[in-house]
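The values are calculated or read from the model by the stated rules, or taken from the named source; none is laboratory data. Source: prediction; values computed, not measured. Glycine gets a Cβ as well: all are built from the backbone with ideal geometry, and neighbour counts include every protein chain shown. We work out accessible area using only protein heavy atoms, side chains counted, and drop any ligands, DNA or RNA first. Shrake-Rupley method; radii C 1.70, N 1.55, O 1.52, S 1.80 Å.
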Amino acid sequence: FQRLRTTLREYFPAALSAYADLELTSTDALELLIKAPTPAAGAKLTRSQITAVLARHRSHNREAKANTIQTALRQPQLGLPEPVTTAYAAAATAHARLIIALNEQIAAMEVQVKAHFLAHPDAEIYLSMPGIAEITGARVLAEFGDDPTRYTSAKARKNYAGTSPVTRASGKSHTVQARYVRSNRLADALQRQAFAALRASPGARRYYDKQRAREAGYNPALRQLGNRLVGILHGCLKTRTHYDEATAWSHHAQPQAA
């Protein structure tokens, strides 16, 4: 992906702007790039040709997206000699075809991951958590493991996840730092869950906003939210109960008006 982006930046920067809303790694954007791999070919793409590709991949707001793409592709830009452009276009086309093949394989793998995850006895508990769907749930379950005796407490699970902070004291010095010795795969999955939970859970949103109000940065606030969600998950797994919004955030609820 980075090689494709770098190649386009060298000879066809308009494509990066044109396909920004679709995401450059999406199959519809890649098919449009293969259809028109040079600035001259891109400028000749008609709205109906663009819409046809978007329709094939069931893209929403096709007419508006087609108009945006066509306008961006027709913006003037500095050109390179034709042989250089042709060489870059061949490289970009090869990268695009490779990413399309990878997308197909990833989709096939996701089908298998979802099937195995949904067959697991803990799947329903994971899926009840805000911000967790089948793929994220499978990643978190795989990294935590399913041994019910592995984590003796929520704190132990948080420490393993690397979401809990590290406190160091020396004399009169007292510091609280992020825990960087952790599983990066688990940390990434939990951060994705925390980000998605901001929309799925009002309690998670309030908790996050509370951290930001204390002047915590974006990543520290999201990490603290992830830490809280790990503790909630541990409680659900221990009691074999599904996530409940009111119970999960009862200690962080807004005070009632008198």
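When each of 95, 60 is tested for being out of contact with any Gly (no Cβ under 7 Å at 6 or more places or on another chain), of a type outside the set (S, T, N, Q) and assigned to a loop (DSSP other than H, G, I, E, B), the lone residue that passes is 60.
Just to verify a result, which residue in the range 88-115, among those that are open to solvent by 80 Å² or more (accessible area, probe 1.4 Å) and without any contact (Cβ under 8 Å) to a residue 60 or more places away in the chain, is farthest from the chain's Cα centre (by Cα)? Result: 98.
When the residues of the range 37-52 are filtered to those that are of a type in the set (A, V, I, L, M) and assigned to a helix (DSSP H, G or I), the one that is surrounded by the most Cβ atoms within 10 Å (Cβ to Cβ) is 50. Among the residues of the range 216-238, which ones are surrounded by 19 or more Cβ atoms within 10 Å (Cβ to Cβ) and either out of contact with any helix residue (DSSP H, G or I) (no Cβ under 8 Å at 6 or more places or on another chain) or of a type in the set (Lys, Arg) (or both)? Matches in the range 216-238: 223, 228.
I'd like to know if the range 75-87 contains one or more residues that are of a type in the set (Gly, Ala, Ser), at pLDDT 95 or above and open to solvent by less than 70 Å² (accessible area, probe 1.4 Å).
First, pick out the residues of the range 75-87 that are of a type in the set (Gly, Ala, Ser): 79, 87.
If we keep only those that are at pLDDT 95 or above as well, we get 87.
So of that shortlist, the ones also open to solvent by less than 70 Å² (accessible area, probe 1.4 Å) come out as 87.
Looking through the range 75-87, at least one residue is of a type in the set (Gly, Ala, Ser), at pLDDT 95 or above and open to solvent by less than 70 Å² (accessible area, probe 1.4 Å).
Exactly one condition in (1) closer than 15 Å to residue 96 by Cα; (2) in a helix (DSSP H, G or I); (3) acidic (Asp, Glu) is false for residue 10; which is it? Every listed condition holds for residue 10 apart from (1).
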